[in-house]
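These notes are about the structure you will find just below.
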Amino acid sequence: SLASSSRSLTGSRSKVCASLWGKRFREKCANTSNEANEPSDSPRFGEQDWQATMAEFQAVCKTSEISDPGKEIFEVEDQLVVVFHVEGKFYCIDDVCTHDGGPLSDGSLDGCQIACPRHGARFDITNGAALTMPATEGTRAHEVKIEGEQVLVKLAPED
């Protein structure tokens, strides 16, 4: 399935984030235990499908849709990510500052660095590394490939 672009997201950013967080929280709570509250060797309901989906690239946009330099926010498998186009190359990281959860997509892009608009923490868009305080942990970086005119993103596994 194609990823949803920021242009197709409806409502305010906070509603989108709350909706995605709420969905993941409900799914996690619903899938964390079986009826007997005992550990199970079998995958939880939907886990195999989720793992298979996570291993695939998802088309997010055409190369011409993000200016150089530029950035766009997309939803890929219920995750908000930012795709960057800098000096002819494409990069993708989670749309979240690890300091306080701020939206990196709203920050200023300077070369291969993005600054969180809330407290100024800077991240390397090529690998997600936190470069300045107050962030001390990096954000997830995702694999990007170009096929023809399509930009495709493969989500990195969550730690």
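The values are calculated or read from the model by the stated rules, or taken from the named source; none is laboratory data. None of the values given here were measured: they were computed from a predicted structure. Don't worry about glycine lacking a Cβ; one is built from the backbone with ideal geometry, like all the others, and counts go over all protein chains shown.
Inspect the range 30-50 for any residue being modelled with pLDDT of 95 or more and among the basic types (Lys, Arg) and give the result as yes or no.
No - not one qualifying residue is present in the range 30-50.
Restricting attention to the range 107-146, which residues are surrounded by fewer than 17 Cβ atoms within 10 Å (Cβ to Cβ) and either in contact (Cβ under 8 Å) with a residue 60 or more places away in the chain or part of a helix (DSSP H, G or I) (or both)?
Residues satisfying the conditions are GLU143, LYS145, ILE146.
Considering only residues of the range 80-93 that are of a type outside the set (A, V, I, L, M) and within 14 Å of ALA59 (Cα to Cα), which is surrounded by the fewest Cβ atoms within 10 Å (Cβ to Cβ)?
Ranking the candidates gives PHE90 first.
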